[in-house]
Amino acid sequence: MDRYSPQEIEKKWQQKWAEDGLYRVNDESPKPKWYALTMFPYTSGDLHIGHWYAMAPSDVHARFKRMQGYNVLFPMGFDAFGLPAENAAIKRGIHPFIWTMQNIDNMRRQLKSMGAIYDWSREVITCQPEYYKWTQWFFLKLYEAGLAYRAKAPVNWCPNCQVVLANEQVVDGGCWRCGTTVTRRDLEQWFFRITQYADELMEHGDIDWPERIKIMQRNWVGKSTGTEVSFALDYPGVSEKEIRVFTTRADTLFGVTFMVLAPEHPLVAKLTSPEKKAEVEAYVARARQQTEIERASTEKEKDGVFIGAYVVNQINEERVPIWIADYVLLSYGTGAVMGVPAHDDRDFAFAKKYNLPIRVVIAPPDWRGRELDAAYIEPGTMVDSGRFNGLPSDRGMEAVTNFLEEKGWGKHTVSYKLRDWLISRQRYWGAPIPIIYCPHCGVVPVPETDLPVLLPEDAEFKPTGESPLKYHAGFVNTTCPRCGGPAKRETDTMDTFMCSSWYFLRYASPHYDKAAFDPDKVKQWLPVNIYTGGAEHAVMHLFYARFFIKAIRDIGLVDFGEPFLRLFNQGIIIAQHQKMSKSRGNVVTPDDYVSEEGADAVRLYLMFVGPWEQGGEWDDSGISGMSRWLNRLWSLALEEYRPKAPSGGTSDTTPAERDLLRLTHQTIRRVTQDMERFRFNTMIAALMELTNYLGRVKESGNVSAGAWEAAIEKVLLLLAPSAPHVAEELWQRTGRAYSIHNQTWPQWDDELAKDEEVTLVIQVNGKLRDRVNVPVSITEAEARELTLARERIKAYVDNKEIINIIYVPRKLVNVVVR
């Protein structure tokens, strides 16, 4: 028997599978379809063990479904646009396309070393023109449908480098390159109307997704039902006659003592009094240097500035001072909030800081007019609220809103936290937005026949990180497709999440050149049956992909509204008790371990480290343990088995053979059920238990050669998805037909898997009280638990002290009480 040499075996079989096209997907197969997908990787250059942790178990599950008789599509590609490639171009003096494709070559090699069943003929790379042509085509379709529009929005701006910065390029409030304090300025940018789908994006009725992801998406939409209230405004030279706010607490309207506008609100400049102008402008400038996340942080102390102007609360005709504060965001709601300090924690702290009135209008129980130590935010009774005094606050909300509607001062409404998706990026390495600006025709979409709008290969990358597109005359200057006159191209590129919002459609027909996808193939394969990846993508990639599918469904391009029927989020593999990252220096690369122990051992260890959804700590010694197990299995399968002659010469199965058959079928059941539930660690534990048992059987020789061979065959079939190379090798060496991966997944028989039973006698203080049939394999702990749970026994032991429980294995339990 040759020794187990994973290096030779894995290389041999990977080459053989590739030459034979073993995993090439056949669209014409009569088998039921199964579309399994793992989130494709960004082209960072190297796959670390965390990538393997996401990809290897999903490959195991795809292989399992293939052996179950499904026609499995399990493709792979690369998310290839993005800022890191552009930064690399600046630092290394290499074009982003070259840097990216070199990285892809390396990552593809690493992925192939895993032995996965990816059909590489379906590979997609988002930075290639044949892909981003269709990303641009989708933009045009959304534009035609009124779902893409242009508007002003704030960006991060470095005044020294004179460049727009991505959020990742702002470090501690400064420019990543020069350290200059970053400011915010408004630019015309492109958006998708994702808010049009807010309600539908909150619904997850037809998909099997983790509850926490559903909750995160619902919270991201942030739907609130409440009241829009109009506060009157009357200033000479100001055309606006009201400021509208949204509130979920119309019952507190009589408690408004101030109003707060977002610093960027267009009314601020119009309403600010001359003596307040300098102070207000300085505050606005400071606020624009912060991100929205920083401004909205609950950790940040709230501050603001009175602008010297007032609105009128029409329900009680009081003048209310107007302040600005950076915690109010122009992008949320109306950009204005009413301050009710007695009944809102944030407003209470703000009022205390600036000595603003705190008026109680919802009385706590037993309140007798005393001053509040903190905001009272619970239900109560309306007081100091005019005609509404005495109403419970929950009824008061509706009553006040109805009154406002009668007077024309407000209305019932719904508000959302969700903002439209800003897709413009002021950088080179992305899909160019296919729009032309003509001085005569205005905004003109690029004709579909002129797609793709190609990125210029001779772009000059500046040290500032500024996008070279707007300085590239050959790119910018073009002809208007409508009037034929001179025009300019849009120089922004699309958010890379646009590329990943439809890549799963392209896999169905990756070489189709008449459209983004072949409609018949998409109808055949989509939606995706199982999508696996990290939970960190809940409110970005997963959210955007859902919006995208719903949008193109309404355009008429697909007939389904959800891209992924089932979602499973794996955990994170950590090293040195921390998430792996290059900056921490704790990244574990798989290449060395594959070279030394083999891909099969690495795959098995990553699945055995813990529940897949929880992740675990990387430990080198664990791979050695898997390698030793594979070596034992190698020996079991290939060393000669020498059975002892059965006693009496009978052809009937022996008790030992029945025991082996029972455990084999129990293992098939456990492995199958664990596979379906992604419980890979317990699946491998079950296989280890069976191989350990086979080791004892081999030593005893107490089963026939036929029973032994049947058990070995089942072990190899059950192992095949997890350790595909060694399973294929052992399958061939034991004389079976190529390939094990084309075999049918074994089925269990419940009768054969059923434990033999014995009758357990149950006594209390030595007297017979019950009998029960139990598996012959029952443990003492299980027998005790079963006994005390029986209703007939409870009648004798409840309210009594249990002194002892005597257990005679497989025969008797005696409960001693007093």
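The values are calculated or read from the model by the stated rules, or taken from the named source; none is laboratory data. These numbers were taken from a predicted model, which means no experiment stands behind them. Using ideal geometry, Cβ is built from the backbone for each residue, glycine included, and neighbour counts are taken over all protein chains shown. Protein only, heavy atoms only, side chains kept; ligands, DNA and RNA dropped before computing areas. Shrake-Rupley method; radii C 1.70, N 1.55, O 1.52, S 1.80 Å.
Side notes on the structure shown:
- Ordering of 439-452, 82-95 by packing [mean C-beta count within 10 Å, highest first]: 82-95, 439-452
- Taking the empirical scaling 2.2 N^0.38 Å for compact globular proteins as reference, segment 239-389 has a Cα radius of gyration ratio of 1.06.
- Selected from GLY179, ASN106, ILE125, residue furthest toward positive end of dipole (segment 76-213; charges at beta carbon): GLY179
- Distance between the modelled labels on GLN673 and GLU780, one decimal in nanometres: 2.7 nm (7 Å Cα→Cβ projection).
- On the basis of the beta-carbon distance and an R0 of 30 Å, VAL761 and ARG818 show a calculated FRET efficiency of 0.90.
- Full extension of the chain segment joining THR298 with LEU372 gains 24.5 nm, where the gain is 0.36 nm per residue of separation less the Cα-Cα distance.
- Largest-first principal axis extents of the Cα set of segment 560-709 (Å): 70, 45, 24
- A straight Cα-to-Cα reach below 23 Å connects LYS214 with the lysines LYS223, LYS417, LYS550, residues fewer than 8 places away in its own chain not being considered.
- Taking a Cβ cut-off of under 12 Å around HIS541, the surrounding Lys, Arg, Asp and Glu residues balance to a net charge of -2, with basic ones at +1 and acidic ones at -1.
- Assigned charges on the beta-carbon of Lys, Arg, Asp, Glu; segment 658-713 dipole about Cα centre (debye): 180 debye
- Cβ-Cβ distance of ASP46 and GLU457, R₀ of 30 Å, FRET efficiency by 1/(1 + (r/R0)^6): the value works out to about 0.70.
- Positive-end extreme of charge dipole, the chain - chosen from ASN71, ALA282, ASN799 (charges on Cβ): ASN799
- Neighbour net charge for LYS462 - beta-carbon separation under 12 angstrom, K R +1, D E -1: 0
- Which of TRP612, TRP99, TRP120 is most accessible, then next, and so on - probe 1.4 Å: TRP120, TRP99, TRP612
- Here the Karplus relation 6.51 cos²θ - 1.76 cosθ + 1.60, evaluated at θ = phi - 60°, turns the backbone of segment 476-482 into coupling constants of 5, 7, 8, 10, 5, x, 9 Hz, with x for every Gly and Pro.
- Separation between Cα centres of segment 468-511 and segment 204-246, rounded to whole Å: 33 Å
- Hits among lysines - C-alpha to C-alpha of LYS91 under 16 Å, sequence gap 8 or more where chains match: LYS462
- If the Kirkwood radius is taken over C-alpha pairs of segment 634-713, then at 10 °C and 1.306 mPa s the Stokes-Einstein diffusion coefficient equals 118 µm²/s.
- Heavy atoms of ASP119: accessible area, 1.4 Å probe, square angstrom to 10: 10 Å²
- Above-threshold pairs, the threshold being 27 Å between Cα atoms, out of LYS277/LYS300; LYS16/LYS698; LYS276/LYS352; LYS33/LYS112; LYS11/LYS65; LYS644/LYS811: LYS16/LYS698; LYS644/LYS811
- Stretching the chain fully between ARG696 and ILE90 yields a gain of 211.9 nm (0.36 nm per residue, less the alpha carbon separation).
- Here segment 109-233 is assigned +1 on the Cβ of each Lys and Arg and -1 on the Cβ of each Asp and Glu. Its dipole about the Cα centre then comes out at about 420 debye.
- In straight-distance terms, cross-link reach from LYS794 covers every one of the lysines whose alpha-carbon lies under 17 Å from its own, apart from those fewer than eight places away in the same chain; here that gives LYS767.
- Packing around the peptides 769-781, 663-675, 692-704, 366-378, taken as the average count of other Cβ atoms within 10 Å per residue, puts them in this order, highest first: 663-675, 692-704, 769-781, 366-378.
- Whole-number D in µm²/s for segment 113-230 (Stokes-Einstein; Kirkwood sum over Cα pairs; 20 °C, 1.002 mPa s): 112 µm²/s
- If the Kirkwood radius is taken over C-alpha pairs of segment 65-146, then at 4 °C and 1.567 mPa s the Stokes-Einstein diffusion coefficient equals 85 µm²/s.
- The Kirkwood hydrodynamic radius of segment 479-550, based on inverse pair distances between different Cα atoms, is 14.9 Å.
- When ILE358, ILE49 are compared by accessible area at a 1.4 angstrom probe, the order from most to least is ILE358, ILE49.
- Protection proxy ranking of 282-289, 615-622 - average other beta-carbon atoms within 10 Å, highest first: 282-289, 615-622
- Derived value for segment 775-818: Kirkwood hydrodynamic radius 10.9 Å. Basis is the mean of 1/r over every pair of different alpha-carbon atoms.
- Rounded to the nearest 20, the Cβ-based charge dipole of the chain about its Cα centre (Lys and Arg +1, Asp and Glu -1) stands at 380 debye.
- Taking 7 Å steps out from each Cα toward its Cβ at SER581 and LYS12 produces label points 4.5 nm apart.
- Per-residue ellipticity at 222 nm computed for the chain from its helices equals -11000 deg cm²/dmol, with DSSP H segments shorter than 4 residues left out and the rest contributing -39,500 (n - 2.57).
- Normalising by residue count, segment 670-803 has a Cα convex hull of 175 Å³ per residue.
- Within segment 432-465, backbone nitrogen closer than 18 Å to the virtual label 7 Å beyond the Cα of ALA473 toward Cβ: 456-461
- Distance-filtered residues of segment 435-450 - backbone nitrogen under 20 Å, label point 7 angstrom along CYS483 Cα→Cβ: 435-447
- Hydrodynamic radius (Kirkwood) for segment 34-101, which is based on Cα pairs only, to one decimal in Å: 13.9 Å
- Residues TRP525, TRP157, sorted by accessible area with the largest first, give TRP157, TRP525 [1.4 Å probe; ligands and nucleic acids excluded].
- Spin-label pair ILE802/ASP208, simplified geometry with 7 Å Cα→Cβ offset, distance in nm: 3.8 nm
- Exposure of VAL609 as accessible area (Å², to 10), given a probe of 1.4 Å and all protein chains: 40 Å²
- Of the residues ALA153, ILE435, PRO210, the one whose Cα sits farthest towards the positive end of the charge dipole of the chain is PRO210 (charges of +1 on Lys and Arg Cβ, -1 on Asp and Glu Cβ, taken about the Cα centre).
- Karplus (6.51, -1.76, 1.60) ³J(HN,Hα), θ = phi - 60°, over segment 248-259, in Hz, Gly and Pro reported as x: 9, 10, 4, 5, 9, 4, 6, x, 5, 10, 7, 10
- Segment 416-465 gives an Rg/Rh value of 1.06, both radii derived from C-alpha positions and Rh following Kirkwood.
- According to the Cα-based calculation, Rg over Rh for the chain is 1.07, with Rh computed by the Kirkwood formula.
- Stretching ASP234 away from LYS112 to a fully extended chain increases their span by 36.9 nm, per 0.36 nm per residue minus the current alpha-carbon distance.
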